[in-house]
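Right, one structure below, let's go through it.
Rule-based calculations on the coordinates, nothing more; no lab input. This structure is a prediction, so every number in the text was calculated from the model and none was measured. Here the Cβ is made from the backbone with ideal geometry for all residues, glycine too, and neighbour counts use every protein chain on show.
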């Protein structure tokens, strides 16, 4: 069941942090080295690596080390799991609100 998917939990936990969301935003423009990702943040390189590990464990990013440079890239298909979960909720609530609207329309014409 989608509600009990541990990958979904890891994904939402990873996306809950503004620093990690900023890293995802940067990676949406293309791959970057760890040092490039670290530049805009006032934190140590080990702290940046911890954020990247959370993103990688969630499946949102992958990394590859070539020589001394670790390059990180976004995994866009991983976002489809979160997107599906959100869309399922949106569809459910849209249907419920439509039914409520129909019910209210029916009761408007009835005498009290």
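Values for this structure:
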{"item": "Rounded to 10°, Cα long-axis angle of helix 79-108 versus longest principal axis of the chain", "result": "20"}
{"item": "Stokes-Einstein diffusion coefficient of the range 2-108, Kirkwood radius over Cα pairs, 37 °C, 0.692 mPa s, in µm²/s", "result": "207"}
{"item": "Gaussian network model of the chain, Cα within-10 Å springs - most flexible of 46, 31, 76", "result": "46"}
{"item": "Degrees separating the helix 18-27 axis from the principal Cα axis of the chain, which is the longest one", "result": "70"}
{"item": "Degrees between helix 45-58 axis and first principal axis of the chain (Cα, 0 to 90, nearest 10)", "result": "50"}
{"item": "Listed peptides 35-43, 55-63 by packing density, highest first (mean Cβ within 10 Å)", "result": "55-63, 35-43"}
